[in-house]
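The block underneath contains the structure these notes are about, expressed in structure tokens.
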Amino acid sequence: MFKEVYGERVAEWEEPFEAISSQHFFMGGVRIDQECRTTIEGLFAVGEVTGGMHGANRLSGVAFTEIFVLGPVAGRTAASFAGREGFVSPDAAQVNEEIGRLDNLFRQGSGARPFELKAAVQDVMWEKLGPVRDGEGIEAAISAFERIEREQATGMTVGSSDTTYNRDRMEAIELPLMVRTAQLVAHAALLRTESRGSQFRTDFPERNDKEWLRNIVMKKDEHGRVGMRIEKTVEAA
Ligand SMILES: Cc1cc2nc3c(=O)[nH]c(=O)nc-3n(C[C@H](O)[C@H](O)[C@H](O)COP(=O)(O)OP(=O)(O)OC[C@H]3O[C@@H](n4cnc5c(N)ncnc54)[C@H](O)[C@@H]3O)c2cc1C
């Protein structure tokens, strides 16, 4: 296979080739129960967007197993909820609030284009929050995300007002979600002062079962602030 993909000379070690790690799976995510319910009524989740199934590191091949096993469970739970509740009209005030938020995002600013800020988030994640991390790098990442958040709030340049397949608008919608997710990853990584699974902290290279058989749970409060809670896992209880 190696020969087929990279050629004879590389397979025979005659030519150097670059081997790098790459993003394979997102450890952590939305909390679900056994029936794939989230903590928001009527919202169900399954697969890579959920957290906790694989502990600190997913074993090879098990993501597909998860989907095949839990996909039908989520489907059945969602179908039974929909059958029970029928059609639920969305709350008009919430819809208007969301329209206002999007209009604000799309207003013509003079700042960076959304794709530029997105690339900046990706660069920081790559440089500072790969599997090998340290406290200093994570703190630098947190400051960088705050800067990006400020830039995004002061008015990005959204190139066109077209409402059909407008990449700039799509990027503008995705960017705040990406920044928020990156911030959650960074804060959890900083809090976990040990190495475990897919997190290797060079400043805390050892696994610490005594203090860290724990899950980090993050939740937004009614004022929009994100709080962090450390929970014991079953093994530690
Ligand atoms: C390079 C690579 C190799 C891998 N190899 C393996 C392997 O060999 N074995 C294994 O078990 N796992 C493997 N994985 C992991 C596995 O592929 C994923 O965990 C799995 O595919 C996730 O499935 P999912 O359905 O949960 O999410 P996804 O496959 O990511 O599906 C989510 C879908 O939602 C769509 N979506 C997102 N936002 C919206 C929105 N707002 N509106 C509508 N749709 C939206 C996306 O376009 C996407 O189609 C690999 C992953 C990578 C990256």
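Could you please tell me which pairs satisfy a Cβ distance under 8 Å, a separation of 6+ or placement on different chains, a first residue in the range 28-42 that is loosely packed, with under 10 Cβ neighbours inside 10 Å, and a second residue that is not in a strand (DSSP E or B)?
Listed by first residue and then by second, the contacts come to 34/73.
What are the residues in the range 186-205 that are surrounded by 15 or more Cβ atoms within 10 Å (Cβ to Cβ) and part of a helix (DSSP H, G or I), if any? Steps first, answer last, please.
The initial filter retains those residues of the range 186-205 that are surrounded by 15 or more Cβ atoms within 10 Å (Cβ to Cβ), namely 186-190, 192, 194-196, 198-201, 204.
Listed by number, the residues that qualify are 186, 187, 188, 189, 190.
Does the range 206-225 contain at least one residue that is within 13 Å of residue 135 (Cα to Cα) and in a loop (DSSP other than H, G, I, E, B)?
Looking through the range 206-225, none of the residues is within 13 Å of residue 135 (Cα to Cα) and in a loop (DSSP other than H, G, I, E, B).
Give the residue that is nearest to the ligand (Cβ to nearest atom), with candidates limited to residues of the range 54-68 that are over 14 Å from residue 198 (Cβ atoms) and either crowded, with 16+ Cβ neighbours inside 10 Å or among the aromatic types (Phe, Trp, Tyr) (or both).
Looking only at the range 54-68, we keep the residues that are over 14 Å from residue 198 (Cβ atoms), and these are 61, 64-68.
The next check asks that each one be either crowded, with 16+ Cβ neighbours inside 10 Å or among the aromatic types (Phe, Trp, Tyr) (or both); those that pass are 64, 66, 68.
Working: 64: 4, 66: 8, 68: 10 Å.
Across the range 54-68, the extreme among qualifying residues is 64.
Going residue by residue through the range 43-51, is there one that turns out to be within 16 Å of the ligand (Cβ to nearest atom), part of a loop (DSSP other than H, G, I, E, B) and at pLDDT below 95?
Kept after step one, since they are within 16 Å of the ligand (Cβ to nearest atom), are these residues of the range 43-51: 43-51.
Now narrow it down to the ones that are part of a loop (DSSP other than H, G, I, E, B): 43, 45-46, 51.
Okay, now just the ones that are also at pLDDT below 95, so 51.
There is at least one residue in the range 43-51 that is within 16 Å of the ligand (Cβ to nearest atom), part of a loop (DSSP other than H, G, I, E, B) and at pLDDT below 95.
Go through (1) exposed (fewer than 12 other Cβ atoms within 10 Å of the Cβ); (2) of a type in the set (Ser, Thr, Tyr); (3) outside any helix (DSSP H, G or I) and name the single condition residue 157 misses.
Unmet for residue 157, out of (1) exposed (fewer than 12 other Cβ atoms within 10 Å of the Cβ); (2) of a type in the set (Ser, Thr, Tyr); (3) outside any helix (DSSP H, G or I): (1).
Given (1) in a loop (DSSP other than H, G, I, E, B); (2) closer than 30 Å to residue 195 by Cα, identify the lone condition not met by residue 122.
Among (1) in a loop (DSSP other than H, G, I, E, B); (2) closer than 30 Å to residue 195 by Cα, residue 122 violates only (1).
Considering only the range 162-198, how many residues are more than 15 Å from the chain's Cα centre (by Cα) and either closer than 24 Å to residue 131 by Cβ or free of Cβ contacts under 8 Å to residues at least 12 places away in the same chain (or both)?
Residues that pass the stated criteria total 14.
Given the conditions (1) under 24 Å from the mean Cα position of the chain (by Cα); (2) free of Cβ contacts under 8 Å to residues at least 24 places away in the same chain, which single one is not true for residue 2?
(1)
Criterion first (surrounded by 12 or more Cβ atoms within 10 Å (Cβ to Cβ), within 16 Å of the ligand (Cβ to nearest atom) and either on the phi > 0 side of the Ramachandran plot or modelled with pLDDT under 90 (or both)) does residue 71 satisfy it? Steps first, answer last, please.
Values: surrounded by 12 or more Cβ atoms within 10 Å (Cβ to Cβ): yes; within 16 Å of the ligand (Cβ to nearest atom): yes; either on the phi > 0 side of the Ramachandran plot or modelled with pLDDT under 90 (or both): no.
No; evaluated as a whole, the condition is false for this residue.
Test residue 84 against the criterion of being more than 16 Å from the ligand (Cβ to nearest atom), surrounded by fewer than 11 Cβ atoms within 10 Å (Cβ to Cβ) and over 30 Å from residue 151 (Cα atoms), and give yes or no. Break it down stepwise before answering.
Working: more than 16 Å from the ligand (Cβ to nearest atom): yes; surrounded by fewer than 11 Cβ atoms within 10 Å (Cβ to Cβ): yes; over 30 Å from residue 151 (Cα atoms): yes.
In short, yes.
The values are calculated or read from the model by the stated rules, or taken from the named source; none is laboratory data. What you see is a predicted model, and the numbers here were worked out from it, not measured in a lab. Note that each Cβ is placed from the backbone with ideal geometry, even for glycine, and that neighbours are counted across all protein chains shown.
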